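Inspection log for the structure reproduced underneath, given as C-alpha cells.
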Amino acid sequence: KNYPIQISTDTDWASIACGSSSFVALKKDGSLWACGYNGTGNLGDGTITDRNYLIQIGMDNNWASVACGSSHTIAIKKDGSLWGWGCNAYGQLGDSSNKNRNIPKQIGNFYNWTSIACGDQHTVALKDNGTLWTWGSNQYGQLGDGTTRYNKYPTQIGKDNDWTYISCGYLNTHAIKKNGTLWGWGCNDNMQLGDGTNIQ
C-alpha cells in the first residue's frame with residue numbers, strides 16, 4: 001500500500017511498534033496484538049505462522065509498552081517486569097540463551113523496568129533508578145560495553161544513573177541524560193552517531 005488504510009475498526013489503540021516485517025500494537029485495555037511475519041515466533045502467539053490480521057498475544061491485559069527489533073519483540077508489563085519473544089540468535093531476548101521464543105518469556109526477575117528500545121538484533125532498556133542496560137548483538141559496539149562481543153543477558157552500562165531516554169537504530173544506540181546531554185555509540189559508517197566522523 002502506498003497510502004494509509006485503516007487497520008480494523010477498533011478505536012481503542014494506544015501505541016505501536018514496528019519490526020522488519022511485522023508490527024505489534026497495544027490497546028488501551030492493556031492487551032497486546034500483532035500481525036505479519038512470524039518465522040521466528042516474533043508475534044508471540046505460540047506459533048511460527050505468519051498472520052495477515054491482528055491476533056492477540058496471550059490473554060494478559062497488563063502490558064504497558066512494547067518495542068520491536070528486526071525479528072524480536074520486547075515488552076514491559078504494568079508491574080515493571082520485562083518480557084521478550086521472537087528471534088534470539090544473538091541473545092537479544094536477554095534470557096541467557098540463543099533459543100527463539102514464540103510466546104512471551106520473562107527476562108530476569110526484576111520489576112523496575114521503565115522503557116525499552118530495540119535495534120536490529122540488540123535491546124536497550126532503562127530501570128527506574130536511571131541505569132542503562134543492554135544485550136544482544138554487538139559487532140559494532142552497539143551495546144556500549146566497550147567490547148564487540150554479543151551478550152545474552154541484560155548488562156548494566158557503566159555506573160551512571162541519570163539516563164532518561166533511549167532509542168536504537170539498525171546497529172547503533174542513542175541516549176539522553178537528565179542534564180540534556182546526548183550520547184551515541186555503535187555503527188558509524190554513515191556518520192549516524194553525529195560525532196563529526198565516520199569512525200566506530
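Things worth noting here:
- Residue-normalised accessible area of region 84-200, given per residue in Å² at a 1.4 Å probe: 50 Å²
- For region 1-52, accessible area per residue (1.4 Å probe, heavy atoms of protein chains only), Å²: 59 Å²
- Rounded to 5, the percent of DSSP beta bridges in region 45-109 classed as antiparallel: 100 percent
- Rolled with a 1.4 Å probe across the full set of protein chains, the surface gives residue 33 an accessible area near 60 Å².
- Cα gyration tensor, region 89-200 - rounded (a/c under 1.5), prolate or oblate: oblate
- Three-way shape label, region 148-200, alpha-carbon gyration tensor, a/c 1.5: oblate
- Highest to lowest packing among 62-73, 37-48, scored as the average C-beta count within 10 Å: 62-73, 37-48
- Restricting region 51-142 to trypsin sites (Lys or Arg not before Pro) that sit in a DSSP loop and have at most 14 other Cβ atoms within 10 Å of their own Cβ leaves 78, 99.
- Local electrostatic count at residue 126 - Lys and Arg +1, Asp and Glu -1, tallied over other residues with Cβ under 15 Å: +1
- Charge context of residue 99, other residues only, Cβ under 11 angstrom, K/R +1, D/E -1: +2
- Region 131-193 and region 11-38 have their alpha-carbon centroids 25 Å apart.
- Heavy-atom accessible surface of the chain: percent carbon and sulfur, 1.4 Å: 51 percent
- Plainly put, the chain has a radius of gyration that is 0.97 times its Kirkwood radius, both from alpha-carbon atoms, as the Rg/Rh ratio.
- Amide proton proximity set for residue 132, modelled H, under 5 Å, gap of 5+: 157
- Within the full protein context, the accessible area of residue 110 is estimated at about 100 Å² for a probe radius of 1.4 Å.
- Shape class of region 1-57 from the Cα gyration tensor (axes a ≥ b ≥ c, square roots of the eigenvalues): oblate, since a/c reaches 1.5 or more and a/b does not exceed b/c.
The values are calculated or read from the model by the stated rules, or taken from the named source; none is laboratory data. All values derive from a computational prediction rather than experimental measurement. As a convention, Cβ positions derive from the backbone with ideal geometry for all residues, glycine included, and neighbour counts pool all protein chains shown. Accessible surface is based on the protein model in full, side chains and every heavy atom, while ligands, DNA and RNA are left aside. Shrake-Rupley method; radii C 1.70, N 1.55, O 1.52, S 1.80 Å.
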